[in-house]
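What follows is a single structure, written as C-alpha cells, with notes after it.
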Amino acid sequence: MQKKWWYGKIAYQIYPRSFKDSNGDGIGDLKGIISKLDYLKDLGVDIIWLSPVYVSPQIDNGYDIADYRSIGKEFGSMDDFKELLSGVHAKDMKLIMDLVVNHCSSEHELFKKALADPYGPEGQCFYFVKGHEDGTPPDNLRSYFGGSVWEKVTGFEDLWYLHYFAKEQPDLNWYNPALRQRVYDMMNWWLDLGIDGFRVDAIMNIAKDLTFPGLAPDDEGDGMCACGRMTAKLADKAPALLKDMRDHTYGPRGAFTVGEAFGLNPEILNDIYGKDGAFSSVFDFTVRELFEKKPGYYAYEKPSVKLYRDGNFKGQDLAMKTGMVSVITENHDEPRAVSFYLRKDLQNAQGAKVLATAFLFLRGLPFIYQGQELGMTKTDFNEPGEFRDLLSFTEYQKCLKHGFSKKQALECVSLHTRDQSRTPMLWDKSKNAGFSDGTPWIRLHQDWKKLNVSVQGEDPDSVLNWYKTLIRIRKSPDLEECFACGAFAPLPCPDDSFMAYRRYYEKKEIRVYANFSEKSFTIKDDAALIVSTGDITRKDGSLMIGPGSAAVTGRDLK
Ligand code: TEU
Ligand code: CA
C-alpha cells in the first residue's frame, strides 16, 4: 500500500447550518465554525468536510447551488471562508469542500439563461428533451425526492428538463465538453484558494443514456422507476467522465477526494477508487444499500446490528481488493446510528461507546459526523410540522398512501428522516445548547442538557471522551500503521448482535469485539487488552465479553 497524506487520519463532517450560529439568526455559519476549531483539534480531527456553504436558495439545504464561487449570506463571506481555511491550516488540519456538480440550482445564472433559450449554448449545459406525443415526459424515471425527473419548460411546447433530485436542481449535461470545462475551472479556482480536496456529491448520477429509454416500473405502483436504478445500470459509463475531471483538476495537484458514489458494482470499483481510480476514496454505503431496497421509507428493512455488521463486512471485503474506503456510521442524510441500529436498552451512552469501538477501527478513513461523538440519539419529532427536509414531507405522504395511520407515518418518517442528523450540535447548558442565541431553524434534541459537549467534557466516562480515547489509540505510534494500512478480516461472531474482526499488518494483529446483545460470550483470546468498555473479564487465556461491552486486543505476530 502506497502511503498518502490522508492515511491514518480522522475526518469529521460539518453540516454548517446546524453546527454553530455566531450571529443569532438561528443558522450555523462560518464564524461559528471558526470558533470551534480548537474543539475539533482537541477531538483528534485531521480533515474537515464542509457540507455546502455556497450561494443557494436552500431548497435542499445548499445542495442546490446558485453561485459556486461565493459564500451564501447566511453562512458569512469569502473573507470568513479564507479565515476559516487559514485557521484550519494553522492547526495542521485540512479542509475539503462539497462538490455538487451532478446538478445546480434552478436559480443559477446558467440555468436561467438556458430556460430563456433552451436550444442555445446554455441550454446545452442541461438536458432539455421533447416529451411524447401523448403529453407524457421523455421517460418514466422517478426523482430521488419524489415525482417525475422531468419538469415542463414553460413557454415551450412539449419541452422538459431533467432533474434527478428536486425540480429546483436541474441536472448538468456532462456530455457537453463546454459544461465540463466550466466545472473544471470552478474546481481549480477552489483548489487555487488552497482547499485540500473535495467530497463529491451524488456523482454517479452524471452518467446518462441520451436516448432516455426509461426502465420497467418498479413496485411502487405509480408506473415509474427510481432513477437511482438507471444510475446503477449506467455505472460503467461514469469512470471515463470522472477520470477526465480528475486529470484536469485535483489529480495533478495530489488533492484528496472522496466520492459519494451510490450504485457501484464490483467491475468498476477499481476505476473509481483503485490504484488508477478517479477518486482517492469513496464512502462505503453498503449498510444503507442493505436496508434501502425499496423506494420509500415505509418499506425499508428494519435496521439492526446484523445489518450494520454484515454491510460493513461486505464493504470492507470489497475495499480490500480495491483501495481505501471512507467509513461512516452517520452523515447528514442518515439517522443517528445509536437509535437506528441498536436495541432499546443500548440506545444510550454505553451503546454509543460500543458502536464507536466497532466503527473506529475499521479499515479506511473514518468520517465522524457532528454530534456522533456525543452519542446523539434520535430526536423526538412530535408532529410533521417539526420536519424541515423536503424529503420528509414526500415520505410522510407516501406512508399515508400506503395505508399507515398518521401516528405510524410520523413514527416511520421520524426513524428514517434526514432531519434526524440535522438538529443542532449540542455545545453547552446555555440557551439552545449554545448553538444559537436566536431561534434555531430546526428543533433541538430533547436531551440537550445532558448530551452536550461541555457536560461530557467534564465526565471522564462520557461518549465524547471515549471517542478521544479511541482516536488516540488509532493514532498511537505502535498501532498507527496497522490501522492505516493493515488488512481486515471478519472473526467468527457467536450472535447476530455481535461484531468481531481483526486487523493485521506485518508483525501486528489487533482484534475488535463489540457485543450489542443481551448475552455474555467467552472468546479465546490471550492477547494484551488495549482498551475495553463495559463488563470484560479475563480468565485462562479467554475473554468474557458481557452484554453491551466491547474490547480491543493486540499482539505481535511471530
Ligand atoms: O445525496 C445523494 C443521494 O442519492 C442520497 O443520499 C439521497 O439524498 C437519499 O438517498 C434520498 O433517498 C447527496 C447529498 O448527500 C444529499 O444531502 C443531497 O440532497 C443530494 O445529494 C442532492 O445533492
Ligand atoms: Ca448565523
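The values are calculated or read from the model by the stated rules, or taken from the named source; none is laboratory data. For clarity, every value in this text was computed on a predicted model and none was experimentally measured. Using ideal geometry, Cβ is built from the backbone for each residue, glycine included, and neighbour counts are taken over all protein chains shown.
Note on the range 388-456: enclosed helices (runs of 4 or more DSSP H) holding 1 or more residues that are β-branched (Val, Ile, Thr) are 390-401, 406-416.
Yes/no matrix, rows are residues, columns are (1) near ligand 2 (Cβ under 10 Å from one of its atoms); (2) among the hydrophobic types (A, V, I, L, M, F, W, C); (3) surrounded by fewer than 21 Cβ atoms within 10 Å (Cβ to Cβ); (4) closer than 26 Å to PRO460 by Cβ:
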residue: LYS3; (1), (2), (3), (4): no, no, yes, no
residue: TRP6; (1), (2), (3), (4): no, yes, no, no
residue: TYR15; (1), (2), (3), (4): no, no, no, no
residue: LYS20; (1), (2), (3), (4): yes, no, no, yes
residue: GLY26; (1), (2), (3), (4): yes, no, yes, no
residue: GLY32; (1), (2), (3), (4): yes, no, no, no
residue: ASP42; (1), (2), (3), (4): no, no, yes, yes
residue: LEU50; (1), (2), (3), (4): no, yes, no, no
residue: ASP60; (1), (2), (3), (4): no, no, no, no
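All of (1) in contact (Cβ under 8 Å) with a residue 60 or more places away in the chain; (2) in contact with a Gly (Cβ under 8 Å, 6 or more places away or on another chain) hold for VAL149 with one exception: (2). No other residue among ASP437, ASP447 is closer than 24 Å to PRO16 by Cα, surrounded by fewer than 22 Cβ atoms within 10 Å (Cβ to Cβ) and within 16 Å of ligand 2 (Cβ to nearest atom) apart from ASP437. In this structure, does ALA178 turn out to be surrounded by fewer than 16 Cβ atoms within 10 Å (Cβ to Cβ), of a type in the set (A, V, I, L, M) and under 22 Å from SER70 (Cα atoms)? In short, yes. All conditions in (1) out of contact with any Phe, Trp or Tyr (no Cβ under 7 Å at 6 or more places or on another chain); (2) surrounded by fewer than 18 Cβ atoms within 10 Å (Cβ to Cβ) hold for LYS294, with the sole exception of (1).
Every residue, every condition in (1) of a type in the set (Lys, Arg); (2) over 21 Å from ASP428 (Cβ atoms); (3) modelled with pLDDT of 95 or more; (4) more than 19 Å from the chain's Cα centre (by Cα), yes or no:
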residue	(1), (2), (3), (4)
ILE10	no, yes, yes, no
SER22	no, no, yes, yes
LEU30	no, no, yes, yes
LEU37	no, no, yes, yes
LEU40	no, no, yes, no
TRP49	no, yes, yes, no
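Considering the range 333-361, the residues that are buried (at least 23 other Cβ atoms within 10 Å of the Cβ) and not in a helix (DSSP H, G or I) include one that is nearest to the chain's Cα centre (by Cα), namely ARG336. Closer than 16 Å to SER326 by Cα and within 16 Å of ligand 1 (Cβ to nearest atom) - does that describe any residue in the range 22-31? No, there is no match, as no residue in the range 22-31 is closer than 16 Å to SER326 by Cα and within 16 Å of ligand 1 (Cβ to nearest atom). Checking GLY197, GLY277, GLY251, GLY228 one by one, the residue that is more than 25 Å from CYS104 (Cβ to Cβ), at pLDDT 95 or above and away from ligand 2 (no atom under 16 Å from the Cβ) is GLY277 and no other. When the range 362-382 is filtered for residues that are assigned to a helix (DSSP H, G or I) and under 23 Å from VAL258 (Cα atoms), the ones remaining, listed by number, are GLN372, GLU373. When the range 252-295 is limited to residues that are of a type in the set (D, E, K, R) and in contact (Cβ under 8 Å) with a residue 60 or more places away in the chain, the one that is nearest to MET224 (Cα to Cα) turns out to be LYS294.
Of these, GLU157, GLU133, GLU168, GLU220, which one is part of a loop (DSSP other than H, G, I, E, B), crowded, with 22+ Cβ neighbours inside 10 Å and away from ligand 2 (no atom under 16 Å from the Cβ)? Lay out the reasoning, then the answer.
Numbers: GLU157 fails: crowded, with 22+ Cβ neighbours inside 10 Å; GLU133 fails: crowded, with 22+ Cβ neighbours inside 10 Å; GLU220 fails: crowded, with 22+ Cβ neighbours inside 10 Å.
Only one candidate qualifies: GLU168.
Scanning the range 301-328 for residues that are farther than 17 Å from ASP495 by Cα and hydroxyl-bearing (Ser, Thr, Tyr) yields THR322, SER326. Is one or more of the residues making up the range 304-313 surrounded by fewer than 22 Cβ atoms within 10 Å (Cβ to Cβ) and in contact with a Pro (Cβ under 7 Å, 6 or more places away or on another chain)? Yes, the range 304-313 has at least one match. Could you give every pair whose Cβ atoms fall below 8 Å, whose first residue belongs to the range 16-31 and is part of a helix (DSSP H, G or I), and whose second residue is within 16 Å of ligand 1 (Cβ to nearest atom) and of a type in the set (Val, Ile, Thr), counting only separations of at least 6 or pairs across chains? Here the result reads PRO16/VAL53; SER18/THR423; SER18/ILE442; LEU30/VAL53, each pair linking the range 16-31 to a residue that is within 16 Å of ligand 1 (Cβ to nearest atom) and of a type in the set (Val, Ile, Thr).
Within the range 207-224, one or more residues are farther than 26 Å from ASP117 by Cβ, within 22 Å of the chain's Cα centre (by Cα) and within 16 Å of ligand 1 (Cβ to nearest atom). Looking across the range 312-332, the residues that are within 25 Å of ASN61 (Cβ to Cβ) and assigned to a loop (DSSP other than H, G, I, E, B) come down to THR329, GLU330, ASN331, HIS332. When you check ILE442 against the structure, is it in contact with a strand residue (DSSP E or B) (Cβ under 9 Å, 6 or more places away or on another chain) and modelled with pLDDT of 95 or more, yes or no? The answer is no for ILE442.
Residue under question is ASP98, and the condition is that it be of a type outside the set (Ser, Thr, Tyr), more than 18 Å from LEU110 (Cα to Cα), part of a loop (DSSP other than H, G, I, E, B) and within 15 Å of ligand 1 (Cβ to nearest atom); does it hold?
No; evaluated as a whole, the condition is false for this residue.
Of note, LYS94 satisfies the criterion of being in contact (Cβ under 8 Å) with a residue 60 or more places away in the chain, more than 30 Å from PHE393 (Cα to Cα) and buried (at least 21 other Cβ atoms within 10 Å of the Cβ).
For the criterion of being surrounded by fewer than 20 Cβ atoms within 10 Å (Cβ to Cβ), away from ligand 2 (no atom under 16 Å from the Cβ) and either within 17 Å of GLY315 (Cα to Cα) or of a type in the set (A, V, I, L, M) (or both), LEU241 passes. All of (1) small (Gly, Ala, Ser); (2) out of contact with any strand residue (DSSP E or B) (no Cβ under 8 Å at 6 or more places or on another chain); (3) more than 13 Å from ligand 1 (Cβ to nearest atom) hold for GLY72 with one exception: (2).
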